[in-house]
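A short write-up of the structure that comes next.
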Amino acid sequence: MSSKIFRLKIAVILVTAICLTIVLLAPSPVMPATTYKTDNNGTPLVIEDFSTVPQLVLEDAAETAIELFGNDQQKQNGFISQLLAIYLEAKDKDIVIINNSGGWGWSPLETFPHSHEFITGVDNKLNSLGYDTLWLDHYRTAKTLNGCISELMLAANLYPMKAEDLAARVEFLTSNIPGIQIILAGESNGSTICGDAMQILAGNNQVFSIQLGPPFWNNGNTSDRILVLRSNGSVPDAFSQGDVTTIIRSNLEALFDISQEYPGHILFYIGAPGHDYSWQYEGVSSKVLEFLDSSFNPK
């Protein structure tokens, strides 16, 4: 009997320790993201001189920062600096495409295979309709342990702050730049934050979204302003469609150096056949182009 009580005590101690560790490591509920210009060589968009920004825009940025970060002056200042830098980049553009990468959410679009073809394909279509574009990368996660935990929490819909941050940036742009339109583009887990932000922005008709291969547990939301793809048209996406058997089999085969017929990965290393949305696939390029055609009228 005493041995059972001892084991029970040990189990309680271990569970308590694990819970305490999770609490201590859990990220702050107010961790601001960072925006980069896609072709800016990894330099975040920030400004220190606010003199070129209209006073009403500056006041709106300050109010938005307070709503998100309360009395944290340091985070307020950093967020305001980002908002105003984004505003200056976007104010003379027609459409801003904000990329949300898969993986852990800290990778630029240009580092992904075939990203050049995707950018070129989308730009060619929008330019042919008469629109000037701006591409931005939204780094939603810091390269830290807390950042990774926050991303896992996002995937489980336990971290709404990330979507609120992204939605606030979009709302700020559409409120202060007349006629501007925004496309939230996301792949894999990046689709999760796009979907969550689109729910917040449901009443904002200036915002659209392209979501490629969202996680299978993410049902997403339906709207004529949202395109969701769970297949590249050639191979079903094992991850996005929840085909766990195929994912397990492909990874076991990879362990034995068995060549994979269909490419695709999640979190960079875990094989997921079909989780590949290269522009070369007709089921990707044609669907995206059709969506752009139906969403944006020629100028």
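The values are calculated or read from the model by the stated rules, or taken from the named source; none is laboratory data. As the structure is a prediction and not an experimental result, all values here were calculated from the model. Please note: Cβ atoms are built from the backbone with ideal geometry, for glycine as well, and neighbour counts cover all protein chains shown.
Structure data summary
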| quantity | calculated |
| --- | --- |
| Cross-chain or 6+ apart pairs with Cβ under 7 Å, segment 47-74 first and part of a helix (DSSP H, G or I), then of a type in the set (S, T, N, Q) and buried (at least 18 other Cβ atoms within 10 Å of the Cβ) | VAL57/ASN176; ASP60/ASN176; ALA65/GLN76; ILE66/GLN76; PHE69/GLN76 |
| Given (1) more than 15 Å from ASP224 (Cα to Cα); (2) free of Cβ contacts under 8 Å to residues at least 60 places away in the same chain, number of the condition ASN189 does not satisfy | (2) |
| Residue pairs meeting the criteria (Cβ under 8 Å; at least 6 apart or on separate chains; first at positive phi, in segment 227-251; second assigned to a loop (DSSP other than H, G, I, E, B)) | GLY233/TYR281; GLY242/PHE216; GLY242/TRP217 |
| Segment 169-199, subset modelled with pLDDT under 95 and of a type in the set (D, E, K, R), residue nearest to TYR277 (Cα to Cα) | GLU187 |
| Residues satisfying the stated conditions in segment 71-100, i.e. of a type in the set (Asp, Glu) and over 25 Å from GLU187 (Cβ atoms) | ASP72, ASP92 |
| Selection within segment 245-299 - in a helix (DSSP H, G or I), surrounded by 14 or more Cβ atoms within 10 Å (Cβ to Cβ) and modelled with pLDDT of 90 or more | GLY283, VAL284, SER285, LYS287, VAL288, LEU289, PHE291, LEU292, SER295 |
| Residues (charged (D, E, K, R) and either more than 24 Å from ALA167 (Cα to Cα) or outside any loop (DSSP other than H, G, I, E, B) (or both)) located in segment 83-131 | GLU89, GLU110, GLU117, ASP123, LYS125 |
| Filter result for LEU201 (under 22 Å from GLU171 (Cα atoms) and buried (at least 18 other Cβ atoms within 10 Å of the Cβ)) | yes |
